Amino acid sequence: MTLRVLGVDPGLTRCGIGVVDVEKNRRATMVAFGVVGTSPEESLDQRLLVIATSIDDWLDRYEPHVLAVERVFSQLNVSTVMGVAQASGVVIAAAARRGIPVALHTLPRSKPPSPAAEHPTRTPSPSWSPRSSGSTPRRGRPTPRTPWRLPSPTPGGPAAVPQWPPRAPAASP
């Protein structure tokens, strides 16, 4: 049996939505993705209604087993945080009405590391420094980057962690 996950990157102006099917061996297959957009000129209630209606449509069409929502993290712009939190609330409530479990994930758990980390041959930008990126501790010893994690295919189960660096397959005797 495959597990269908509907993932949401909440936002008031742009709300990203994606559906993946995850097999027992944790292979994920993209089913659908899209963006729900609202205009800042519209009233807050109308913007939230657009998001609520769209989420209802996605939940009805794809019938996910679980909903993964990116958790709001602290930002300096309070109005942005409020909009993201309001959009998250609408999405979580829609899932709760259907009895769909919701998993909240912080940014590092739901998105891969920066492109520079994925492509070590790239030259870092001039503003980059090892200390600012957290890749070198204070004593100067390099440390491997922490691999990103996928949402757990079973609620409460372990998350899939890609090998970093990738390992070569073992030679057969």
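Of the residues Met30, Thr13, Thr53, the one whose Cα sits farthest toward the positive end of the charge dipole of the stretch 3-114, with +1 on the Cβ of Lys and Arg and -1 on the Cβ of Asp and Glu, is Met30. If R0 is 22 Å, the Cβ-Cβ spacing of Asp56 and Phe33 corresponds to a FRET efficiency of close to 0.80.
The phi-based Karplus calculation (6.51 cos²θ - 1.76 cosθ + 1.60; θ = phi - 60°) puts the 3J(HN,Hα) values of the stretch 40-46 at x, 6, 6, 6, 4, 4, 5 Hz, whole numbers, x for Gly and Pro.
Local charge for Leu12 was computed over the other residues whose Cβ lies under 14 Å away, with Lys and Arg +1 and Asp and Glu -1, and equals -3.
About its Cα centre, how strong a charge dipole does the stretch 1-42 have in debye, to the nearest 20, once Lys and Arg get +1 and Asp and Glu get -1 at the Cβ?
360 debye
Computed over neighbours whose Cβ is under 12 Å from that of Val102, the net charge equals +2, Lys and Arg +1, Asp and Glu -1. In order along the stretch 13-30, the Karplus-derived 3J(HN,Hα) couplings, from 6.51 cos²θ - 1.76 cosθ + 1.60 at θ = phi - 60°, round to 8, 9, 10, x, 9, x, 10, 10, 9, 10, 7, 4, 7, 6, 6, 9, 10, 5 Hz, and Gly and Pro are given as x.
Listed from fewest to most Cβ neighbours within 10 Å, the set Ile55, Ile92 follows the order Ile92, Ile55.
Where a number appears in this text, it was derived from the coordinates with a stated rule and is not lab data. Given the structure is predicted, the values throughout are model-derived calculations rather than measurements. Backbone-built Cβ (ideal geometry, glycine too); neighbour counts: all protein chains shown.
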